[in-house]
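Any read-out appearing in this document is the output of simple, stated calculations on the displayed coordinates, not a laboratory observation. In this text, all values refer to a predicted model and were calculated from it rather than measured experimentally. In this analysis, Cβ positions are derived from the backbone assuming ideal geometry, glycine residues included, and neighbour counts consider all displayed protein chains.
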There are 2 protein chains.
Amino acid sequence: MVNEMLKRETKRAELRERIIAAAEAELIEKGLSGLKARDITSRAGCALGALYNVFDDLDMLVLELNSRTLADLGNALSSSVPVESSSGRQVLQALAAAYTDFARDHQHRWMALFEHRLPEGKYKPEEYRMEQTVLIDAIVPSLKELWPELSKETLAMRARTTFAAVHGVVLLSLQQQFVGVPLKELKSEVEALVELLSRQ
Amino acid sequence: MVNEMLKRETKRAELRERIIAAAEAELIEKGLSGLKARDITSRAGCALGALYNVFDDLDMLVLELNSRTLADLGNALSSSVPVESSSGRQVLQALAAAYTDFARDHQHRWMALFEHRLPEGKYKPEEYRMEQTVLIDAIVPSLKELWPELSKETLAMRARTTFAAVHGVVLLSLQQQFVGVPLKELKSEVEALVELLSRQ
């Protein structure tokens, strides 16, 4: 009996992973706006209903994908930081360059972090909201080193502003917006921006 | 006979204006993703086909709306610049504040400038592409004053980067993104950003 339950749990976990893997592949190919439950389950080789046995709805599946993207992005950021004795400015430059590379190399997954909205009245689970701070937390220590006189609150706010400024340059360029910098100039312009933002 | 043609032209121009006004009202209410030909013509009090007599397709109508938004935004920017004897930094601050206000007060029209994509293989008319430079052109003289040693090409690129940085902060905040600064801090954070970007 216990054995039977264990088997069922294992099967369910395996199905969950298969659906997530299929959804990620679909997201990479088609972007968030092209993500359809039917395509995901057909790629995963299961019935449409199986998706809704494992996830409440497509939004929850997207949250799971975004959660994985945030983890990968967090790893890319932290492994980009040069080992010890680097200045706050050098760390910020490394983080900005890693962010730019990640966005360029994983464009659809990265955009899904910003494009996905829950329907009115639904809220993200607490643990997902905790994960999101990875983008900001990585910046705070360097800003603190650059401006030790700033309060914790001001530093937290300035970290968001610094992030958003770099994000804006990356976004308009990768989307090839009319006002964006050309792709081949993106990395050097992000560097110039961070240079200005980290002057003491 | 000439009279007859004139009447027809006047009627057509009047219909065009009515459709544009209705489309703008729909855009303001529902945003670009909610813009539907049927709602526009029903609001304008004409048949669905009338829209396609006046515009090639919905995309061309959106280009017309965006063209008007760019003109309004251009006016808001240029009328924000303090009269004479202002420093480059003061002008940049005034432009950034005016941009933030415009985006906040006309959120759907402003977002349509960045959200609208022509289908693969279609290109924006030349005159529309000329209008788009208003956002960048406004910044260049101030940057030139701040950094007279930079080449024309570097200044043009830096103007795009400066614009995109401010845009990123405004965008993430107005969209109430997880990493955006809270709305009530937006104006002071944009000011802090421009302060850093314009230090000599």
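Numbers below:
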read-out	value
Among B:Gly121, B:Phe178, B:Ala44 the positive-end extreme of the charge dipole of chain B (Cβ point charges)	B:Ala44
Rounded Å value of the spacing that divides the Cα centres of region A:64-99 and region B:83-121	30
Net charge of neighbours whose Cβ lies under 13 Å from the Cβ of B:Met130, counting Lys and Arg as +1 and Asp and Glu as -1	-2
Estimated vicinal HN-Hα couplings, Hz - region A:23-34 in sequence order (Karplus 6.51, -1.76, 1.60; Gly, Pro = x)	5, 5, 4, 5, 4, 4, 6, 10, x, 4, 5, x
Highest-fluctuation residue, B:Gln107, B:Gln90, B:Gln176 considered, GNM on chain B with Cα pairs under 10 Å	B:Gln176
Peptide A:185-194, shielding by other chains (average Cβ, 10 Å cutoff)	3
Across the identical copies, how the A:Leu118 labels are spaced - nm, sorted shortest first, 7 Å along Cα→Cβ	4.0
Equivalent ellipsoid semi-axes - Cα gyration tensor, region A:56-197, angstrom	26, 20, 14
Cβ charges +1 (Lys, Arg) and -1 (Asp, Glu), total dipole of region B:57-197, debye	180
Out-of-range pairs (alpha-carbon distance over 22 Å; input B:Lys7/B:Lys124; A:Lys11/A:Lys124; A:Lys30/B:Lys122; B:Lys124/B:Lys187; B:Lys36/B:Lys122)	B:Lys7/B:Lys124; A:Lys11/A:Lys124; B:Lys124/B:Lys187
Label spacing, shortest first and in nm, from B:Glu14 to its equivalents in the remaining copies (7 angstrom along Cα→Cβ)	7.3
Top of B:Arg158, B:Arg12, B:Arg68 by mean-square fluctuation, Gaussian network on chain B, Cα under 10 Å	B:Arg12
Sorted largest first, extent of region A:1-121 alpha carbons per principal axis (Å)	59, 36, 30
Ordering of A:49-57, A:185-193, B:75-83 by burial proxy (mean other Cβ atoms within 10 Å per residue, highest first)	A:185-193, A:49-57, B:75-83
Shielding by partners - mean other protein chain Cβ count within 10 Å, residues of B:169-177	4
Of A:Glu29, A:Glu14, A:Glu120, the one that fluctuates the most in a GNM where chain A has Cα springs shorter than 10 Å	A:Glu120
Relative intensity, log₁₀ I(q)/I(0), of the protein assembly as shown from a Debye sum that treats every alpha carbon as a point, q = 0.06, 0.07, 0.08, 0.11 Å⁻¹	-0.30, -0.41, -0.52, -0.92
Averaged over A:109-121, number of beta-carbon atoms from partner chains that fall within 10 Å	1
Residue of chain A whose Cβ sits closest to the axis mapping A onto B, with distance in whole Å	A:Gly168, 1
Simple Cβ-charge dipole of region A:1-114, Lys/Arg +1 and Asp/Glu -1, about Cα centre, in debye nearest 20	180
Per-selection Kirkwood Rh - region B:1-55 (Cα, Å, 1 d.p.)	11.7
Check: the protein assembly as shown dipole with +1 on Lys, Arg Cβ and -1 on Asp, Glu Cβ, in debye	520
Per-pair calculated FRET efficiency, R0 = 22 Å: A:Gln175 and B:Arg68 via Cβ, rounded to 0.05	0.50
Label 7 Å beyond Cα on the Cβ vector: B:Lys144 copy-to-copy distances, nm	4.4
